[in-house]
1. Could you grab the relative contact order for region 439-593? Cα pairs under 8 Å, six or more apart, rounded to a whole percent.
2. Students often forget the sequence filter, so: which lysines lie under 21 Å Cα-Cα from Lys806 once same-chain residues fewer than 8 apart are removed?
3. Ignoring ligands, DNA and RNA, what percent of the 1.4 Å accessible area of region 722-813 is carbon and sulfur?
4. Which length gain, in nm to one decimal place, applies between Thr621 and Leu475 when the Cα-Cα distance is subtracted from 0.36 nm times their residue separation?
5. Could you check the spin-label model distance between Asp124 and Arg379? Points 7 Å from the Cα along Cα→Cβ, value in nm.
6. With Cβ to Cβ distances under 11 Å as the rule, what net charge do the other residues near Ala530 carry (K, R +1; D, E -1)?
7. Are any of the pairs Lys49/Lys409; Lys378/Lys631; Lys49/Lys444; Lys307/Lys409 more than 27 Å apart by Cα-Cα distance, and if so, which?
8. Leaving out ligands and nucleic acids, note down the accessible area per residue over region 94-150 with a 1.4 angstrom probe, in whole Å².
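The values are calculated or read from the model by the stated rules, or taken from the named source; none is laboratory data. Keep in mind the model is a prediction, meaning the values are calculated, not measured. Note that each Cβ is placed from the backbone with ideal geometry, even for glycine, and that neighbours are counted across all protein chains shown. Only protein heavy atoms, including side chains, enter the accessible area calculation; ligands, DNA and RNA are left aside. Shrake-Rupley method; radii C 1.70, N 1.55, O 1.52, S 1.80 Å.
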Amino acid sequence: MPTSPHSEGTPTVIDRRIAVPEGVGYRLKRRFLGPPLTTDQLAHERLSKPMALGVLSSDCISSSAYGSEQMLRALLPVFGVAAFSILLPMTLAVLAVLVVVTLCYRDVVMVYTRAGGSYVVARDNFGPRIAQVAAVALLLDYIVTVAIQSAAGTTALTSALPALEPYKLHITVGVVALLFYGNLRGIREAGKIFAFPTYFFAGSIVIVIVVGTVKELTGGLPEYDVTAAGAMPVGEGRGILTAAGIFFLLRAFANGGSSLTGLEAISDGVSAFRKPEGHNARRTLVIMSAILGSLVAGISWLAHATKAVPYQDETPTVISQIAKAVFGQGAVGHGLFLVVQLATMLILYTGANTPFNGFPFLANFIAGDSFLPRQLTKRGHRLAFSNGIIVLAVVSISLLLVTGARVDKLVAFYAIGVFTGFTFAGLGMAKRFRQLQEPGWRGKVVVNTVSGVVSLIVVVVFAIAKFTEGAWLVLIVVPVLWVALIRLNRQYAAEAEALEKAPAASETPNFARHVVLVLVDNLDLATLRAMRYARSLRPTQLRAVHFVIDSSHAAALGDHWAANDSVSVPLEMIECPDRRLSRAALELSARLTRDGRTEVTLLLPRRTYSPLLGRLLHDRTADDIADTVSKIPHVAATIVPFNVRHALGHSPELAGAVASGTVTVTVEGADGSTVVSGSAAGPAAGPAPGVGAAGAPAGAIPGSGRPAADVAVAARPDGVTPIGSLGWRDRASVVGKVASVRITPVSDSPALTCELFDETGGVVVVFYGRRQIPGVVPGASMRVTGRVGNLEGQLAIANPSYELLKDGDPASS
């Protein structure tokens, strides 16, 4: 006959359903970002080639919208109208660099199919320390990319709608915030949002180039007046082969190099591709480079043909002038012009999205190597590296605010970072192929070496030509951040080494005593919970300790403790005149463990409040104390949290009832059971540890084994004996300062215990039958006279005669 499922000994299915309400923060996150994606969905959040082209190439392709204009900005004031003729060979030089770098990155994405790009290349071939140069450069480039692309997008918008020019900064910051939100939602959503503008822009500019070329060949393409009001000043012309002429040519080339930024994004995000990642990334890279080259060449050609001049306030842009010249002034032409401006605005804004894919992946790799905080390796609610996205957004917006969202100011910070990455990628791949000597390695070594050397030349050119315009700041920031990354790595390494050290002894030592100290600030639910937990540790001795930093508060606490039947442990008050709680806890712990046979556990009640307001209204003293005492051998600190907000929400009158001492507190445990604090929850009331049934201390002043006669001890002329000279069973008078007072509650046998110290040592003084004595408080000076006995291994004087001394009294000195 089958056994009932509920019969004794019959296995049952474990029910994993737990009715736990979600917090407000999580509910808001879910509403804001959508339902969470689980880790096993990560493999499905991959990009197809068309989607990857739209998402990852928007930065690179969109740079064609301002690359030619930036070259003209450097050429026109120096070479005059001849700048339009110089623009074409200058564009060819930029495209030649594009071809070389593309060939290099075709090898990178095939070999390194995980995210990381040039950083991973540099790390594997030059070591992690040198690779941090590439890491810093690329991280800075991503930050500047977000700022410059979004600013250029707003410029495209104001070129179509000049009335929005005063709000340029506000619009740009708002767009970055929108990109931030889109990427927090995850890769798939970002792909759907940002893929379309890439194709829309490329198609629109291709139409502009085709129509413009036809009109140019048929003589119908107009030219602009290069001396129009507000345009960049046109110089009288200067010799190209002069030293100054060569310098400005290099500056123009550096500006044109901004057209190639974003080329590394595919290698940094290669792991986002569908399998096979390497082949898909390589094809997408080649298509992206071909589109970029075609657009840059076409825009430069039409700028040359129309004599489109950059304007000092950046509006209208060169590309907007080209579109207006190509489509004409009619209604249809104006409509097409607006379409082109819309496409340009969208591609530039979405170009600012590419770093939101590349930066978190790169930061994840660097943090995984312990050169950045490891929080950057964690995926968030929607499987994105949320912390990296947050950092990128905050720093980029800060940069926009500093520069006023002007493209001409931002371009000075541009390109050095990305071409530094190109340099490490080229030279690193060349080294790899030279070492492995795989089939076809000689040709690959040549291609990658050329790419690395050319990129290095561009870095040098940019650093020199743009030095006075802001490149100097990049040249300072890069080494500073490199040092910071190296320092962080050393810290991680030192911490790991400390945690991995083998213990000095192979066996865990056995301690004769385990003392648990509950640090008490107030008598409330948090303290009661800590006391209840302390009993579960089954200590040899349990002590409640209050460090006195406010005498009036200490007195009130002592009265409350003595009159409250919810506690059954004496309260020990220890003087803390300098108010250094951490130091006082350190000294007490060190004193208790000095014998080498005692293990001490400090329980620190911590009241947790609302996440935001709680941090503003309450300190973190428990954390500070725990950090300090953890440095002592054989001392452990445990923080016992109590959620005040939860307690208030369920029973707001509870704290007041405990504080008044009028009720026995009942608390519901986490498992739903009822936990009663106080005498009902604790053990049966009985003598305090070390106290006999008759109220005499166990072992204190034994009645036998000592002659009845008093033994004389060394004393001062006033009859006071230094505490350090006391001996067991001696009768003496001592003078000192009360360092601590232990108050027993009503549930325990009445006894007032204090520690009295002078410059030579301390002695325990016990007044049996009394819970409190007026004036006997931490910090008080007193003289006691009696016979010296033994209490738990310490010298003690029981029920002495005493005299409270005033400060300055000769007897107290």
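1. Once normalised by length, the contact order is 16 percent.
2. The qualifying lysines are Lys737.
3. Values: 1890 of 3770 Å².
Percent of accessible area from carbon and sulfur atoms in region 722-813: 50.
4. Values: separation 146, 0.36 × 146 = 52.56 nm, distance 4.25 nm.
Extending this stretch completely gives an extra 48.3 nm.
5. It works out to 2.2 nm between the two label points.
6. On the way: positive: Arg529, Arg532, Arg535, Arg606, Arg607; negative: Asp521, Asp524.
Local charge sum for Ala530: +3.
7. Details: Lys49/Lys409 35 Å; Lys378/Lys631 30 Å; Lys49/Lys444 25 Å; Lys307/Lys409 24 Å.
Pairs exceeding the cut-off: Lys49/Lys409; Lys378/Lys631.
8. Numbers: 1460 Å² over 57 residues.
Value returned for region 94-150: 26 Å² of accessible area per residue.
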